[in-house]
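Okay, structure first, notes after.
The values are calculated or read from the model by the stated rules, or taken from the named source; none is laboratory data. Keep in mind that what you see is a predicted model, and the values were worked out from it rather than measured. Note that each Cβ is placed from the backbone with ideal geometry, even for glycine, and that neighbours are counted across all protein chains shown.
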Amino acid sequence: MGQKSLPIAECIVTLCELTDGQEGEFFALLSEKQELKTRDGKPYHRVTFRDSKRDVSFPIWYDSPLAEICRIHW
């Protein structure tokens, strides 16, 4: 038997509702993207997403699958 899919409205949470370690789909604004370098000189991006109550920043390392997308789209 296949898994029953939840309606999209039940799957999406707000950014401010996510807890540590929780994964989820959410709508948020990409409010900042910086091109930076590590202490070793390797490039990476620091991205910040926000909703009405919370800002979340994290790095996207140069060798991650998302790195090329970050380099191409701004």
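Overview of results
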read-out: Matching residues, segment 38-60, being surrounded by 14 or more Cβ atoms within 10 Å (Cβ to Cβ) and in contact with a Cys (Cβ under 8 Å, 6 or more places away or on another chain); value: H45, V47, D51, I60
read-out: Enumerated strands (runs of 3 or more DSSP E) restricted to the chain, each holding at least 1 residues that are of a type in the set (G, A, S) and at pLDDT 90 or above; value: 29-37, 55-61
read-out: Per-region count, segment 21-54, residues under 11 Å from the mean Cα position of the chain (by Cα) and farther than 19 Å from I69 by Cβ; value: 2
